[in-house]
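Each remark here refers to the structure printed beneath this line.
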There are 4 protein chains.
Amino acid sequence: MIGAGYWGPNLVRNLSEAPGGEAVAVADLSPERLAAIRKRFPAVRTTQDHRELFADPEVDAVCIVTPISTHRALAEEALAAGKHVFVEKPLAGTVADAEAIVRAAERAQRTLMVGHTFVYNPAVTSVHGLIERGELGRVQYIDSQRVNLGLHQFDFNVLWDLGPHDVSISLYWLGEEPEWVQCIGACFVQPEIEDVVFLTMGFPSGAIAQAHLSWLAPSKLRRMAVIGSKKMAVYDDTEAAEKVKIYDHGVESLSVEELRRSYRAGDIHSPRVPVTEALQLEVRHFIECVRDGAVPRSGGEAGLRVVRVLEAGMRSLRQQGARVTYREAAPV
Amino acid sequence: MIGAGYWGPNLVRNLSEAPGGEAVAVADLSPERLAAIRKRFPAVRTTQDHRELFADPEVDAVCIVTPISTHRALAEEALAAGKHVFVEKPLAGTVADAEAIVRAAERAQRTLMVGHTFVYNPAVTSVHGLIERGELGRVQYIDSQRVNLGLHQFDFNVLWDLGPHDVSISLYWLGEEPEWVQCIGACFVQPEIEDVVFLTMGFPSGAIAQAHLSWLAPSKLRRMAVIGSKKMAVYDDTEAAEKVKIYDHGVESLSVEELRRSYRAGDIHSPRVPVTEALQLEVRHFIECVRDGAVPRSGGEAGLRVVRVLEAGMRSLRQQGARVTYREAAPV
Amino acid sequence: MIGAGYWGPNLVRNLSEAPGGEAVAVADLSPERLAAIRKRFPAVRTTQDHRELFADPEVDAVCIVTPISTHRALAEEALAAGKHVFVEKPLAGTVADAEAIVRAAERAQRTLMVGHTFVYNPAVTSVHGLIERGELGRVQYIDSQRVNLGLHQFDFNVLWDLGPHDVSISLYWLGEEPEWVQCIGACFVQPEIEDVVFLTMGFPSGAIAQAHLSWLAPSKLRRMAVIGSKKMAVYDDTEAAEKVKIYDHGVESLSVEELRRSYRAGDIHSPRVPVTEALQLEVRHFIECVRDGAVPRSGGEAGLRVVRVLEAGMRSLRQQGARVTYREAAPV
Amino acid sequence: MIGAGYWGPNLVRNLSEAPGGEAVAVADLSPERLAAIRKRFPAVRTTQDHRELFADPEVDAVCIVTPISTHRALAEEALAAGKHVFVEKPLAGTVADAEAIVRAAERAQRTLMVGHTFVYNPAVTSVHGLIERGELGRVQYIDSQRVNLGLHQFDFNVLWDLGPHDVSISLYWLGEEPEWVQCIGACFVQPEIEDVVFLTMGFPSGAIAQAHLSWLAPSKLRRMAVIGSKKMAVYDDTEAAEKVKIYDHGVESLSVEELRRSYRAGDIHSPRVPVTEALQLEVRHFIECVRDGAVPRSGGEAGLRVVRVLEAGMRSLRQQGARVTYREAAPV
């Protein structure tokens, strides 16, 4: 693992606990962070020179958990050294960088996976199953709310901070790439760093997806609703017991009067969702893909698609929320 | 009262119960509806000719509860006959018609009020008080969700059906008119009738307001959040006990780690809100304004502003959600 | 109807709206209350002499909505006059009085019904259906919470005020009479008037039912859980959208670790419950029983059983919560 | 630490992370469990002979996390060896054993602490502060619900399994010992092992406390309400964001009609509660008490009081829920 910040220790712990996984070594520039790693994981080697990991034959795969701007260089170097690579999300800060990493992995014939942990979340995969089996009918739109009191970042906005979650989940659920992207935002705390955005994507199937992303709300919302022609599924990550709820339309049998007075039209079902940690499932998936050569659910191409949406979103933001074409997305 | 459909009987009942109010006569084209009114309100006269109301010296004010396209002609006629006028929301289907009604009321020097009931709702006025007293700090944005399984209309879309609520409340809370409007939507059930829209307004103060309006979700949402620089207020009309909740930021005292793990940053306060019916408060306000000559909270100008936003929203819809100027709003 | 207090107007309104029903006359000692009835229901005759109702051949049935201590005399008089009788709950203040009313109805061969409105509530009948169809398995116990900030009564305690609801619902659901009753209570606001009690009933099937009744809590709870050997049903009357929820056990498939960490063991299902007013359903049922001679769901015997439980509960209260036999219940 | 079962690793981890704490050695009869400990905590010594811990001069304190029946012998041995002792809850299975342990600690002049983790829970201490500062007024009663789908035990009932939590919290909050105890229960899954009980305690101040404990409900409840003469506090451990809520009475200003229609009488306040793990706070408290010689919040006497209540509860259970005197509690 390169980078031992906030998220790193979680990754080391999950790698150690996963069958077939072993945390071998951690590289970071900060001696304090490395000391903290050694205290908590006495069996893990530490170094300030990440190149030692590339040279180490015991190391099969490298996890890059560093600032976004360093992803491309580190990933290319690791792939050139013949390592499989796991990159924290988002894959890169530009489409150009993300494409370069994907191409490098193809050339090196190594596994590339992006840390879109939510697509391994049991609640998210449960909703994916509902959509795939046609239980919701045709998906009409996804409405997503991801707000909290933010750890305001100085080098990127809330779209890049929270957006990767909603975009990766939405693309996974819909199984298609958007045709267009719109993004309206505002900057309240720092100039030119949006702290609230409304991101909309339009898809070839006719579906749309909207995400409200904000660093300004002192109470967390983590809610995604998938509105289908037959049923609606709601995934609310702040719910302790009912993370997924499915709402029947059931409207045929209702009188207009009944519909006006009711809070809901049909039955509600909440399937039990396993409590397994998503990060553990993600790490196991990575190990299996490395072993079998399979393409990860959140592989390089999937990660690239997310970066394309974010970059298109930035272009739209700079044009007052005008509709921009997804495919033409180019550096802002 | 002219028009005895779904909403009419509620108005008659509330007029009868209001101090100083008396329901004198009801006009409707349908003999069945009039019979239903007579059964429930034996003291009320009924007629198929609304002109009888205009000629009746006992009638001080006329309530127009008819399809939107008839509002202008009926209101102008009533005002010309010297009656005070209450018009169901929205005031009219075009800015031109709405302006004509407002001008007619000015000429006739009669009270004109629009049935934006929500601005009389005790929870809505409670949030207005919080904003006015500065308790939330500077308002940054309003996020609103108004969705349900719709009674799909054939002549207007969800923006005109549900939008008047969120627009009238937002303008009341912010006390300013928007500078620009954007509206992104989609049509799933009927062609060219949007059944889901995302409406965004930008204000001179820098605040923005977004409303997610939909007829497609089989479970009601009626939630408006006002995010301020100091606190956030949430008004959720589907909550039985806690319709208004105020969330402190309280972020100064929290470590980054604490903030990541918490579902909220500070204290939460839920003031008790009276359970008085909003329609009763609205009717009393109308009677008082008629008596005192005061401008109603939801007077003609307020109703006109709502129509301006809706018409601008229609223009933006037709331009794929591009930003349109509020003031230039002209017939689509 | 005799008695035009708080609850009376609701009954008159529902009687007027029920097919086959007509509110003919209302008797009350207070001229003010009668005036209020006339204002709201101009077609209803009023009188200060309730005997006029007994003599009126147009009156088929009499509704007694007066203080409990007057129920017996009024019911006996009405039955003797050949009227069908509806008595507000509880049927009487003692088993002796309740038995006398039941015997009088038998002799007069008239319908006797007690106003246990909740057994007509769509959510309550929905849970009854689940039990009857065996969906919950064997019912093990019922746990009930009915608390609010009380309108403290001076002549009876919280057991007699709120208890009739939980007792009538529990007996209806279980379809059996208890073998024993225990009741623990305390008096905080007035001496010798319990304002919180915990009432427990034991049944021949082995099931038990407990109700926590209180006037001391400033937030309403209206929650009844039926724990069965296969599933649990929860009826929460304060829930706007999900009044009934059914929880699967689903425990076979869960590891111990999973069970410890989960908030629930299996799927949750919330059937849609019609929003029809229970009082309207009750009034229709009364009219049908009068017409067909059928025994009402909340007939005299059912009402008598509730009084037996309450009286046994009083005996237990006076004996510090000792177990008392239901059948021996005698005046305290 | 002696005993490396389900709970043990949590304790080792928290001891390692606590300032001034160090996990030195773990004893368990099972080589598999010891291997699991070594894998997760490579720096901790393991042994199958717990006496090695007593002999080890590096060991200051021993944590006994073994079946209840072994607590007394192990604790006496450890204290005789001069070690401070932490015993998992409940302190012992009988009052006699609990008293013996308390006396042994007194003789040895060593710290004795019982693992009543909940009295260190930030939400529980927050409610304690409210009571202590008089904010709730005079405490009238505590109503507690602790139910889930149980890991049915074969040697003790739900009273001994879940009861220690509610009893220890209630005694901590009220700051007094009960005068009497009543306990009504039933056995559904195994004969003579109660899987649902209703435990009631009466206190010298007049307050009462009831706990509904059950292994039969497939959905977790962890809710304790403290009803005071001025306000009510509710601690709900299943709530992600609002673990503590305070409800004002505020009844003075309400009309009877208003009170009937409202779901609550006054304002609601939810103070922010830190998210610190209770076990970490407990472990730190133990280390401080060992160092300073202070009596722990959940010291030997506190643990003994809990056992007294549980034993009295067993006596009441055997007498059909009759009231038994707390102080006379003797072996069943």
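Details
- Neighbouring partner chain Cβ atoms per residue of C:211-218, average, 10 Å criterion: 6
- When the listed pairs A:Lys243/C:Lys245; B:Lys220/C:Lys243; C:Lys220/C:Lys243; B:Lys220/B:Lys245; D:Lys39/D:Lys220 are checked against a 21 Å cut-off, the alpha-carbon distance exceeds it for D:Lys39/D:Lys220.
- Angle between chain D longest axis and helix D:122-132 axis [Cα atoms, degrees, rounded to 10]: 50 degrees
- Each of B:Leu159, B:Leu74 has some number of other Cβ atoms within 10 Å of its Cβ, and from fewest to most they run B:Leu74, B:Leu159.
- Taking amide H as placed 1.01 Å from N in the peptide plane, the amide H of D:Thr46 sits under 5 Å from that of D:Val26, each at least 5 places away or on another chain.
- Position B:Arg40, label points 7 Å along Cα→Cβ, spacing to each other copy in nm (shortest first, one decimal): 1.5, 6.4, 6.5
- Largest GNM mean-square fluctuation among C:Asn157, C:Asn121, C:Asn148, using chain C with Cα springs under 10 Å: C:Asn148.
- The stretch C:25-78: relative contact order in percent, alpha carbon pairs under 8 Å with at least 6 residues between: 30 percent
- Estimated distance in nm for a label pair at D:Leu151 and A:Thr70, the labels positioned 7 Å out from Cα along Cα-to-Cβ: 4.2 nm
- Rh by Kirkwood over Cα pairs, then Stokes-Einstein D for the stretch B:10-133 at 1.306 mPa s and 10 °C, µm²/s: 101 µm²/s
- For a label point 7 Å along the Cα-to-beta-carbon line of D:Glu135, residues of the stretch D:147-177 with backbone N under 12 Å: none
- Based on C-alpha pairs under 8 angstrom that are at least 6 apart in sequence, the stretch D:111-184 has a relative contact order of 45 percent.
- Most positive-pole-ward Cα, B:Val65, B:Pro42, B:His84, against dipole of the stretch B:36-100 from beta carbon charges: B:Pro42
- Take D:Glu176, push a point 7 Å out from Cα through the beta-carbon direction, and compare it with the same point in every other copy: 4.0, 5.8, 7.0 nm, smallest first.
- The phi torsions of the stretch B:288-303, fed into the Karplus equation with coefficients 6.51, -1.76 and 1.60 and a -60° offset, translate into couplings of 5, 5, 4, 5, 9, x, 6, 7, x, 4, 10, x, x, 5, 4, x Hz, rounded to whole numbers, with Gly and Pro shown as x.
- A:Thr238-B:Arg51 pseudo-label distance in nm [points 7 Å out on the Cα-to-Cβ vector]: 5.9 nm
- Between 0 and 90 degrees, the angle of helix A:8-17 with respect to the longest Cα principal axis of chain A falls at about 90 degrees.
- Taking a Cβ cut-off of under 12 Å around A:Gly202, the surrounding Lys, Arg, Asp and Glu residues balance to a net charge of -2, with basic ones at +1 and acidic ones at -1.
- Tilt relative to chain B, helix B:71-80 - C-alpha long axis, 0 to 90 degrees, to 10: 60 degrees
- Fluctuation leader among A:Glu242, A:Glu192, A:Glu76 - chain A, Gaussian network, Cα springs under 10 angstrom: A:Glu192
- If you take all other residues with their beta carbon under 14 Å from the beta carbon of D:Glu76, and give Lys and Arg +1 and Asp and Glu -1, the sum is +2.
- Antiparallel content of DSSP bridges confined to the stretch A:58-208, in %, to 5: 55 percent
- Cβ-to-Cβ counts within 10 Å put A:Val275, D:Val87, D:Val244, D:Val256 in ascending order as D:Val256, A:Val275, D:Val244, D:Val87, the fewest first.
- For chain D: rounded, prolate or oblate by the Cα gyration tensor [a/c cutoff 1.5]: prolate
- Average beta-carbon neighbours from other chains, 10 Å sphere, peptide D:269-277: 6
- Exposure proxy for C:Leu174, B:Leu112: other Cβ atoms within 10 Å of each Cβ, ordered fewest to most, give C:Leu174, B:Leu112.
- Shape class of the stretch A:203-332 from the Cα gyration tensor (axes a ≥ b ≥ c, square roots of the eigenvalues): oblate, since a/c reaches 1.5 or more and a/b does not exceed b/c.
- Straight-line cross-link reach from A:Lys230 at under 17 Å between alpha-carbon atoms covers these aspartates and glutamates, not counting any fewer than eight positions away in the same chain: A:Glu132, A:Glu135, A:Asp143, A:Asp248, A:Glu252, A:Asp267, B:Asp195.
- Selection from B:Ser126, B:Gly21, B:Ala105, by position along the positive dipole direction of the stretch B:1-127 (Cβ): B:Ser126
- Global form of the stretch B:180-240, assessed from the alpha-carbon gyration tensor, a/c cut-off 1.5: oblate
- Cβ charges +1 (Lys, Arg) and -1 (Asp, Glu), total dipole of chain B, debye: 300 debye
- Using C-alpha pairs under 8 Å with a sequence gap of at least 6, the mean separation divided by the residue count of chain B gives a relative contact order of 20 percent.
- Chain B comes nearest to the axis taking it onto chain D at the Cβ of one residue; that residue and its distance, in whole Å, are B:His269, 3.
- Among beta bridges that DSSP assigns inside chain C, antiparallel share in %, nearest 5: 65 percent
- Summary for B:Ala80: label point 7 Å along Cα→Cβ; distances to the equivalent points in the other copies, ascending, 7.1, 8.5, 10.9 nm.
Values quoted throughout were computed directly from the atomic coordinates according to the rules given, and no laboratory measurement underlies them. Keep in mind that this is a model prediction, so the values were computed, not measured. Neighbour counts are summed over all protein chains in view; Cβ atoms, including those assigned to glycine, are modelled from backbone coordinates with ideal geometry.
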